[in-house]
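Heads up: the structure comes next, in structure tokens.
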There are 2 protein chains.
Amino acid sequence: MALYARQGRILATTGNRDRLAEILSAGTAAMPGCRLYLVMTDPADADAVLVTEVWDNEADHAASLALPAVRAAIAEARPIIAGMDGRALSVVAAPGLA
Amino acid sequence: MALYARQGRILATTGNRDRLAEILSAGTAAMPGCRLYLVMTDPADADAVLVTEVWDNEADHAASLALPAVRAAIAEARPIIAGMDGRALSVVAAPGLA
């Protein structure tokens, strides 16, 4: 499938995981070309926010970083981010996406 | 959110990643309570199939393992599975799910 997917793990500063997840969820609700922005936490990983994203294409993902709501969310989240890693993935199937 | 999510990494025997992804995608297309069954591959991880699932609840996920199509997919995939790990996750937000 020609969709563009990313999976990332964003580490919050101690005690701020839920706040970080909240910020990421709110700022990314309506982004052109975004088919999925799944924000999850792991009971066994106290400081990590896990994000799985699916986009129509890589360009839409790149463009989203300039959206006011996304820029504001990144600015708000930055002070409580201790680290992050992510990678682009290929989508084989995605039953369930709207 | 009360949704139930899982993320797993299933290792195929050498050279069988795409076949494994195909089997997993086909066998899991219509499962009651399944909101997302995202099958992905990682260009940097030649043998791995990455699955992100979201379910209405844990019981629906458990029940799916008894579905004929899922049982058939597991039986077909088992010979080309070299290993697997997975974990249950909590969903904070999931814009994009149908």
Item checked: Per-selection Rg to Rh, chain B - Cα, Kirkwood hydrodynamic radius -> 0.96
Item checked: Other copies of A:Ala46: label-to-label distances in nm, shortest first, labels 7 Å along the beta-carbon direction -> 4.0
Notebook entry, point to check: How far is B:Thr13 from the same spot in each other copy, in nm, shortest first, if each label point sits 7 Å from Cα toward Cβ?
Noted result: 5.1
Next item on the list: Work out from phi, with θ = phi - 60° and the Karplus expression 6.51 cos²θ - 1.76 cosθ + 1.60, the ³J(HN,Hα) of each residue of the stretch B:57-65, listed in order in whole Hz, and give x for Gly and Pro.
Entry: 6, 5, 5, 5, 5, 4, 5, 5, 5
Item checked: Long-range amide H partners of B:Ile81 with built H, under 5 Å -> B:Thr13
Checklist line | Between helix B:17-27 and chain B: long-axis angle, C-alpha atoms, 0 to 90°, nearest 10 | finding: 40 degrees
Next item on the list: Tabulate in residue order the Karplus-calculated ³J(HN,Hα) for the stretch B:3-16, using 6.51 cos²θ - 1.76 cosθ + 1.60 with θ = phi - 60°, rounded to whole Hz; enter x for Gly and Pro.
Entry: 5, 10, 10, 9, 10, x, 10, 10, 8, 8, 5, 3, x, 10
Margin query: Running a GNM on chain A with Cα contacts under 10 Å, which residue among A:Ala29, A:Ala73, A:Ala21 ends up with the highest mean-square fluctuation?
Written below: A:Ala29
Check: Considering the zone a paramagnetic label at A:Arg9 would reach in this model (a point 7 Å from Cα along the Cα-to-Cβ line), which residues of the stretch B:71-94 have amide N under 18 Å from it?
Finding: B:84-92
Note to self: Taking a point 7 Å out from Cα toward Cβ as the label site, list the nm distances between A:Pro79 and the same residue in every other copy, smallest first.
What the structure shows: 6.0
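Rule-based calculations on the coordinates, nothing more; no lab input. From a predicted model like this one, the values you see are computed outputs, not experimental measurements. Glycine gets a Cβ as well: all are built from the backbone with ideal geometry, and neighbour counts include every protein chain shown.
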